[in-house]
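Below you'll find the structure, written out as structure tokens, and then a few comments.
A short reminder: the numbers here are calculations on the coordinates, not readings from a lab. Quick caveat: nothing in here was measured; it's all calculated off a predicted structure. Here the Cβ is made from the backbone with ideal geometry for all residues, glycine too, and neighbour counts use every protein chain on show.
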Amino acid sequence: MRVALVHDALCVRGGAEKLVLWMKKAFPEAPIFTSVYLPEKTFPEYRNFEIHTLPLSGLINNENQMKLLYPVWYHGFKTLDLSEFDLVLSSSTYLAKFISPPPQVKHISYINAPFRLLWRPESYTTNSRSSFKYLATILKPFLPLIRNLDRKLTRQITKIAANSENIAKAIMDIYQMPATVIYPPVDLEEFSPSKEKGTYFLSVSRLVSHKRVDIAVDACTRLGKDLVVVGDGPEMEHLKKSAGPTIRFVGKVNSDELSVLYSQARALLFPSEEDFGIVPLEAQASGIPVIAFGKGGVLETVLEGETGLFFKSQTTNDILDSIIQFENMNFNKKLIRDWVKKFSGTNFINGIRDFVFSV
């Protein structure tokens, strides 16, 4: 069977981009089609693959530029010639699922989440994604029409997979289509517990408003707790201004540095509401507990009281109270590590291959 992989864009080092690397392991001969590929901005492993981009992709230098040309990429994906393949597996949040292969080519899609700009535009603020906030305002009168188009085109897909029960429910609510849950994997060889223990809490995230890193920074500032903030983004300067002397911003780090930071942290602070969220799995693979906002994908990846704690509201006070509660608890590294083995790469590869070949 001739298989092709199609992904929205390869412009960042995010969970969706890491997931496509695992898809490539499942289908090593499959070429990758995408809107824009920026080798220096995403994972270096992609340099070894056959990657096809859409016209005008050479004009793009960053993710924001790419997303502002959404109509261009939409048209590019709609007219993409995939006739030489038997089956196409799209990995999509906002674009790749809109391909239109000929009738003899089966199209199945792994949907990471319904497009946030269409279905949750309120999550963008001017502090974080000013261009998206303005775009959401412009699109507001047309949202019913665009949402109907999104529903119509999504329903043409032969079969859908989702990254969690959380997203499977959203897909059913929005598109009235069932989705097979195939959890994204964590690389158990890349992360491991350490005998050394640091004094710091850890945040790993793109610094955009809906990730709510601000409440983790505020809580640790008020408590005088050490917090290491990994990641970069438009909220960086705003966060630095509100941070106390116990907060350390390290920006982007490489894989080896991140592995060490995870393994020696006291706990991961995860205040974001994520559709799935690979970061809590990476932390738990390193043997450290997770203090998370109790909504979204973490409800499927963290065991409350055993591998982490949940707080109920995205407020400084709630995460602060959970940190205080954490100080009086003990967590077992081995139990935490053993829990995430169900999210192994082997399980994902077997799951996605079964999903594809059962069509």
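One table, with the values for the structure above:
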| quantity | calculated |
| --- | --- |
| Angle in degrees between helix 255-264 and the longest Cα principal axis of the chain, rounded to the nearest 10 | 40 degrees |
| Sequence-separation-based contact order of region 210-351, relative, with Cα cut under 8 Å and 6+ spacing, percent | 22 percent |
| Amide H contacts under 5 Å for Val6, placed H, 5+ residues apart | Phe33, Leu89, Ser90, Ser91 |
| Hull shadow area, averaged, region 201-342 [alpha-carbon convex hull, nm²] | 7.5 nm² |
| Length-normalised contact order for region 24-133 - Cα pairs under 8 Å, 6+ apart - percent | 18 percent |
| Separation of alpha-carbon centers, region 65-112 and region 1-43, rounded to whole Å | 13 Å |
| Eligible aspartates and glutamates near Lys333 by straight Cα distance, threshold 12 Å, same-chain separation 8 or greater | Glu306 |
| Per-pair calculated FRET efficiency, R0 = 35 Å: Asp173 and Asp81 via Cβ, rounded to 0.05 | 0.55 |
| Extended-chain gain in nm, criterion 0.36 nm per residue less alpha-carbon gap, Lys140 and Ile51 | 28.6 nm |
| Only Lys, Arg (+1) and Asp, Glu (-1) charged, at Cβ; the chain dipole about Cα centre in debye | 580 debye |
| Karplus (6.51, -1.76, 1.60) ³J(HN,Hα), θ = phi - 60°, over region 273-285, in Hz, Gly and Pro reported as x | 8, 10, 5, 9, x, 7, 4, x, 5, 4, 5, 5, 5 |
| Separation between Cα centres of region 159-224 and region 290-313, rounded to whole Å | 10 Å |
| Amide hydrogen neighbours beyond the local backbone of Phe276, cut-off 5 Å, H modeled | Gly297 |
| On Cα atoms only, tilt of 15-26 relative to the major axis of the chain in degrees | 60 degrees |
| Proximal lysines relative to Lys225, as straight alpha-carbon distance under 16 Å, when same-chain residues fewer than 8 apart are discounted | Lys197, Lys240 |
| Charge dipole magnitude, Cβ of K and R +1, D and E -1 - region 201-342, Cα centre, debye nearest 20 | 220 debye |
| When each of Lys67/Lys97; Lys24/Lys342; Lys97/Lys169; Lys24/Lys106; Lys211/Lys295; Lys25/Lys252 is checked by Cα-Cα distance, pairs over 24 Å | Lys25/Lys252 |
